[in-house]
1. Rounded to the nearest 10 degrees, what's the angle between the helix 44-60 long axis and the longest principal axis of the chain, both from Cα atoms, 0 to 90?
2. Enter the mean projected area of the convex hull around the alpha-carbon atoms of the stretch 90-179, in nm², rounded to one decimal.
3. On C-alpha positions alone, give me the angle between the axis of helix 4-30 and the longest principal axis of the chain, in degrees, nearest 10.
4. With springs only between Cα atoms under 10 Å, which of L110, L183, L96 fluctuates most in a Gaussian network model of the chain?
5. Can you give the alpha-carbon Rg of the chain over 2.2 N^0.38 Å, where N counts its residues?
6. Connecting C-alpha atoms closer than 10 Å in a GNM of the chain, tell me which of L23, L171, L88 has the biggest fluctuation.
7. Which of the chymotrypsin sites (Phe, Trp or Tyr not before Pro) found in the stretch 33-87 are loop residues per DSSP with 16 or fewer other Cβ atoms within 10 Å of their Cβ?
8. Apply the Debye scattering formula to the stretch 126-187, with a single equal point scatterer on each alpha-carbon and no solvent, then give log10 I(q)/I(0) at q = 0.18, 0.22, 0.25 Å⁻¹.
Amino acid sequence: MSVLPLVFTSGWASGINAYAVILLLGVFGATGLSDEVPESLQSPGVLITAGVLFACEAVADKIPYVDSAWDAVHTVIRPVSGAVVGALLAGQSGSLPDLAAGAVGGSTALASHAVKAGTRMAVNTSPEPFSNLVLSTAEDLGVGGIVSFAMFHPEAAAIIAAVLLVAGLVLLLFLAHRIRRFLRRRAQRREERRLAAAAGRPPD
């Protein structure tokens, strides 16, 4: 059986929460529930590191504006993680070239990361803080559920991930004006901080 559906699903999930994907895959492999997971993802060091970083993301991802800063930092990390996980899964399976799997996983992760980051920018234009908490929790549960489902029903999980990815990209088009508003506010705050710092600087 081709590993492509699992690579696609793990790439989509990595764009949302890369640490959760690594942690879940490692646990599935270490407990013997799946033989699709390479040993490198099952090592105690990888599991502990992924667990700690997942806990950090679980907190940062639920705080308005902190979540967008976290997303900015992970613009490279999530696609790279999706590519690496995809290549490792392909190497374990032998049914797909590593380079092709890395390209699929990385590009899918980049697309889903764009959806996640853009959606958070739009949500952060709302004055109340609860939207972030609800959305982040839904993302965590969604990633956990779909990755777990993919270990046993990879084709069905890949279809679900594809539908969610397309729906998210369409949603971004409708939220574009709110995303631009977020970017303007952020630029305005940076300019205010710059002016405040310049005003407090002693004369030459």
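1. That helix lies at roughly 40 degrees to the long axis.
2. Dividing the Cα hull surface by four gives the mean projection, 6.5 nm².
3. So the helix axis and the longest Cα principal axis differ by about 70 degrees.
4. Checking each option, the largest mean-square fluctuation is seen for L183.
5. After normalising by residue count via 2.2 N^0.38 Å, the value is 1.14.
6. Result for the chain, Cα springs under 10 Å: L171 fluctuates most.
7. Y65
8. -0.82, -0.99, -1.08
The values are calculated or read from the model by the stated rules, or taken from the named source; none is laboratory data. Being a predicted model, the structure only gives us computed values, none of them experimental. Backbone-built Cβ (ideal geometry, glycine too); neighbour counts: all protein chains shown. Surface accessibility is based on the protein's heavy atoms, side chains included, excluding ligands, DNA and RNA. Shrake-Rupley method; radii C 1.70, N 1.55, O 1.52, S 1.80 Å.
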